[in-house]
1. So what are the stretch 2-241's ellipsoid semi-axes, whole angstrom, largest first, if each one is the square root of 5 times an eigenvalue of the alpha-carbon gyration tensor?
2. Over the Cα atoms of the stretch 1-45, how large are the radius of gyration and the largest Cα-Cα distance (Dmax), in Å?
3. Could you state, as a whole-number percent, how many of the C-alpha pairs of the stretch 1-90 are farther apart than 15 Å?
4. For the stretch 161-226, rounded, prolate or oblate, judged on the Cα gyration tensor with a ≥ b ≥ c (square roots of eigenvalues), a/c < 1.5 rounded, else prolate if a/b > b/c?
5. From the cross-link list 50/139; 12/55; 58/242; 11/50; 2/94, which pairs have alpha carbons spaced over 25 Å apart?
6. Sequence gap at least 6, Cα distance under 8 Å: using those rules, report the relative contact order of the stretch 65-208 to the nearest whole percent.
7. Restricted to Cα positions, what overall size does the stretch 136-250 have along the principal axes? Three whole-Å values, descending.
8. Using Cα pairs under 8 angstrom and six or more residues apart, how large is the relative contact order of the chain, in percent?
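Coordinate-derived values only; no laboratory data. Fair warning: this is a prediction, and the values are worked out from it, not measured in the lab. In this analysis, Cβ positions are derived from the backbone assuming ideal geometry, glycine residues included, and neighbour counts consider all displayed protein chains.
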Amino acid sequence: MKVVYVLWPDKKMSPSTRRSVLLENCGKAILDMDTAYLSMNIDDEFSTVKSPAPKWYKGDAIVATVSVIFDDSDEDCLQRRQHIKNLLNSAGFKVGMYIVDASIYKDYGDNPHFRKRDWADGEKTPSVVMAITLLTRPKKYPHAEWIQRWHGRMSPGSEVIQPRARYVRNVVLSVEDESPHFDGIVEESWPSAGHISNPYKFYLADNTGQLIKNMVKMILLVTHFHQLHKIRTVTMSEYFLKTNDARHAG
């Protein structure tokens, strides 16, 4: 079972302090619980690239996500995942807790945009910008149709025109403890800061004509399954803290 904790600020905290609190304090405590997998995406002092998506929503942007995978046979799973939420709350964050069905569309090394993962657990993912996007299913689409639009068209279509290094789709199965409602959580890794800040790199375009063409394609892909004004994307640094398998769905 994979649980994604989405964090909003609950008290003032510098980016470097946020990284220290999550990695050194919360991360150690979660690892001591003998979880099967742990990764964190953090808006820390190394995350300096502005999100390519505009902030059209009210309220704070998220500042981190914590992904934990529990052994499906763990009888104490419910208690342990609640304990992690309480831990993150006490560390200075508002926390949303989501049970998800995760699938990796592309992992590191699956395409020419980045190498296969060769860095150790605990190290910051090198030269990569992580973008986290929270999705809300438009009410006009039944859930099955929405998944088909996302997985069947958006994922393969965007893969052709964007240089993502890794792409993880988390379909929310259950929103826990009155958390803010979201239907999907996307994790996208990009090879470098320039691949987000430079539109020609972001859209794999060699000239202005191709850039415009790919931008239009992307707008059509996004609006095929989502509403532009509801997109919530934040760039962060990525940390794998415990992985038994580099292709684990985290």
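1. On the way: eigenvalues 164, 85, 60 Å².
Gyration-tensor ellipsoid for the stretch 2-241: 29, 21, 17 Å.
2. Rg then Dmax for the stretch 1-45, in Å: 11.3, 32.
3. Working: 2464 of 4005 pairs.
Result: 62 percent of Cα pairs exceed 15 Å.
4. Numbers: a/c = 3.44, a/b = 1.99, b/c = 1.73.
In terms of gyration-tensor shape, prolate.
5. Numbers: 50/139 30 Å; 12/55 20 Å; 58/242 34 Å; 11/50 22 Å; 2/94 20 Å.
Over 25 Å Cα-Cα: 50/139; 58/242.
6. On the way: 186 pairs, mean separation 44.6, N = 144.
Dividing the mean separation by the residue count of the stretch 65-208 yields 31 percent.
7. For the stretch 136-250, the Cα extents along the three principal axes come out at 48, 39, 22 Å.
8. Working: 482 pairs, mean separation 79.9, N = 250.
Relative contact order here is 32 percent.
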